[in-house]
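The structure under discussion appears below in the form of structure tokens.
The values are calculated or read from the model by the stated rules, or taken from the named source; none is laboratory data. These numbers were taken from a predicted model, which means no experiment stands behind them. Heads up, the Cβs are rebuilt from the backbone with ideal geometry, glycines too, and the neighbour counts pull from every protein chain shown.
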Amino acid sequence: MKLLQIPTVGLEQRIKEELEINPALEELEGDQEDFKDQEEDEFSNTEDEEVEGFEDDDQSREDFNLDEFIDDDEIPSYKLNIKNSGEDDERKDIPISGTLSFQDYLSTQLGLIVLDDEHYQIAEFLIGNIDDDGYMRRELAALVDDLAFTQNMSTTEKELEDLLKLIQEFDPPGIGARNLQECLDLQLKRKYKETHDPVVKIAMMIVEQNMEEFSKKHFEKIAKKLDLEDVEEGDDQLLKDAIHEILKLNPRPGNSMNEGQRSIQHIIPDFVLYNNDGDLELSINAKNMPELRVSKAYMEMLAEYSKSKLASKDKKEAVQFVKQKIEGAKWFIDAINQRQHTLITTMQAIIDYQNEYFLEGDETKMRPMILKDIADKVGLDISTVSRVANSKYIQTSFGTLLLKSFFSESLSNDQGEEVSTREVKKILEDCIAAEKKGKPLTDEKLAKILKEKGYNIARRTVAKYREQLNIPVARMRKEI
């Protein structure tokens with residue numbers, strides 16, 4: 001069940017861990033058919049052999065059957081190895097580029113400034129306390145204490161303030177700010193110093209004097225405070241340009257330097273679905289996963305012990321160790337096989353249930369579907385289906401999608417038909433995408449539009465769906 005819950009990326013790591021801790025499990029490196037032939041010869045040579053027992057001075061003779069470990073009937077070859085990829089699959093590694101971090105970049109710029117040793121060390125300390133977004137979020141008073149206790153350096157908040165202002169002159173613009181307002185203001189001041197653009201000056205006034213109104217998109221209040229023309233009719237181009245100037249700024253200047261350094265988080269699909277002229281073909285993604293088998297050396301070791309009728313206590317413990325590792329390897333291979341079978345069976349049931357949707361990719365064609373619907377079709381517990389759907393993705397011709405997104409509750413339209421809530425959410429998205437940005441649709445208006453389309457949904461339900469779609473309220477979507 002734990003393996004079932006792990007997505008493809010996590011499973012690769014889990015297999016590597018198992019290979020490290022269990023020497024009886026190994027990765028296939030040659031042709032699988034050759035290994036299969038070798039295993040069959042091995043089993044036929046040792047099929048009827050037994051380990052009669054092991055005894056020492058204090059213990060009586062014990063018997064157990066070697067067939068428990070190496071009998072062909074009990075351990076079919078498919079349980080001793082697993083092939084996770086096809087002949088045409090390639091192993092692909094994603095290269096990660098390494099670049100200079102923005103802290104290093106700031107330190108390089110600091111090296112161009114003439115400072116005495118003490119102030120240089122303090123400035124380096126400040127740079128080290130700038131977070132990945134490029135902000136100085138710690139209070140200067142706390143940094144004064146840190147310098148005293150950790151560096152045995154005495155300084156003042158005024159000294160730190162002066163050095164921080166020096167760092168704020170570095171690139172990228174906005175670095176070292178203590179809040180968003182200061183970050184935007186630093187960028188605008190830098191630009192105004194270079195261009196003397198009146199639009200940038202208006203933008204500076206908005207950020208410095210009307211940041212709260214700007215964050216709440218109260219543009220009429222901003223226009224009134226700055227003694228600009230009425231923006232209700234949208235005829236104040238100067239204010240529009242100033243707002244757009246602010247929106248072009250980078251609220252996280254540190255990210256501009258870190259983007260090249262951070263590895264891109266690719267979504268690796270667990271399933272791949274092909275639409276072959278209306279015939280949906282599903283396959284499980286097993287690329288870059290090793291092919292596993294029970295170790296040949298460990299099987300030979302067990303066979304060697306079978307030739308000795310009597311053995312010392314040490315040899316008995318060695319056989320028990322070999323037995324444990326072989327059984328662990330068999331279990332792990334079998335668990336991987338069961339995982340793959342459960343995944344493909346459950347995903348196929350989802351595709352069959354949502355066949356019309358997967359053929360066209362039209363969300364309005366998605367049927368209401370809950371976990372119990374699929375659990376009943378495949379004969380599994382709801383908790384098992386939940387584990388399959390959790391954190392798994394499928395690659396389709398219309399995008400790579402999370403399996404959880406295919407599950408939705410139902411509601412009735414004005415004709416009494418059951419429809420998926422996903423269908424209603426899709427209509428909401430389309431309505432909001434098409435709205436006039438100067439006068440966005442309120443939840444009440446959206447509820448009215450849905451009612452006209454045959455979906456009698458209350459305003460509070462519309463608000464719930466909008467929040468689930470991560471769409472802000474109408475006022476926050478307003479543009480001028």
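Search the stretch 173-199 for residues being β-branched (Val, Ile, Thr) and more than 24 Å from Gly128 (Cβ to Cβ), and hand back the single one that is surrounded by the most Cβ atoms within 10 Å (Cβ to Cβ). Spell out the reasoning first.
Of all residues in the stretch 173-199, those β-branched (Val, Ile, Thr) come to 175, 195, 199.
Imposing the further condition that a residue be more than 24 Å from Gly128 (Cβ to Cβ) reduces the set to 195, 199.
Working: Thr195: 11, Val199: 19.
Result: Val199.
Consider only pairs whose beta carbons are under 7 Å apart and that are at least six residues apart or on different chains; among these, list those whose first residue lies in the stretch 100-116 and is at negative phi and whose second residue is of a type in the set (S, T, N, Q) and part of a helix (DSSP H, G or I).
So the pair list comes out as Ser101/Asn258; Phe102/Asn258.
Which of the residues belonging to the stretch 357-370 are more than 13 Å from Ser410 (Cα to Cα) and buried (at least 18 other Cβ atoms within 10 Å of the Cβ)?
If the condition is that a residue be more than 13 Å from Ser410 (Cα to Cα) and buried (at least 18 other Cβ atoms within 10 Å of the Cβ), then Tyr357, Phe358, Glu363 are the ones that fit.
With the structure loaded, tell me whether Phe170 is among the hydrophobic types (A, V, I, L, M, F, W, C) and either surrounded by fewer than 16 Cβ atoms within 10 Å (Cβ to Cβ) or more than 37 Å from the chain's Cα centre (by Cα) (or both) or whether it fails that test. Step through it out loud before you land on a result.
Numbers: among the hydrophobic types (A, V, I, L, M, F, W, C): yes; either surrounded by fewer than 16 Cβ atoms within 10 Å (Cβ to Cβ) or more than 37 Å from the chain's Cα centre (by Cα) (or both): no.
Against the criterion (among the hydrophobic types (A, V, I, L, M, F, W, C) and either surrounded by fewer than 16 Cβ atoms within 10 Å (Cβ to Cβ) or more than 37 Å from the chain's Cα centre (by Cα) (or both)), Phe170 does not qualify.
Kindly evaluate Leu226 against the criterion of being at pLDDT 90 or above and over 21 Å from Arg477 (Cβ atoms). Can you show your working first?
Details: at pLDDT 90 or above: no; over 21 Å from Arg477 (Cβ atoms): yes.
Considered against the rule, which asks whether it is at pLDDT 90 or above and over 21 Å from Arg477 (Cβ atoms), Leu226 comes out as no.
Filter the stretch 151-175 for residues that are free of Cβ contacts under 8 Å to residues at least 60 places away in the same chain and assigned to a helix (DSSP H, G or I) and give the result. Spell out the reasoning first.
As a first pass, look at the stretch 151-175 and keep what is free of Cβ contacts under 8 Å to residues at least 60 places away in the same chain: 151-166, 168-169.
Answer for the stretch 151-175, where residues must be free of Cβ contacts under 8 Å to residues at least 60 places away in the same chain and assigned to a helix (DSSP H, G or I): Glu157, Lys158, Glu159, Leu160, Glu161, Asp162, Leu163, Leu164, Lys165, Leu166.
Name the pairs whose Cβ atoms lie under 6 Å apart, with the first residue in the stretch 177-200 and in contact (Cβ under 8 Å) with a residue 12 or more places away in the chain, the second aromatic (Phe, Trp, Tyr), and 6 or more positions between them or separate chains?
Going by the 6 Å Cβ cut-off, the qualifying pairs are Ala177/Tyr135; Val200/Tyr192.
Please state which one of Asp73, Asp89, Asp63 is over 30 Å from Asn179 (Cα atoms), surrounded by fewer than 18 Cβ atoms within 10 Å (Cβ to Cβ), modelled with pLDDT under 50 and not assigned by TED's automatic domain parsing to the domain that holds Lys325.
Asp89
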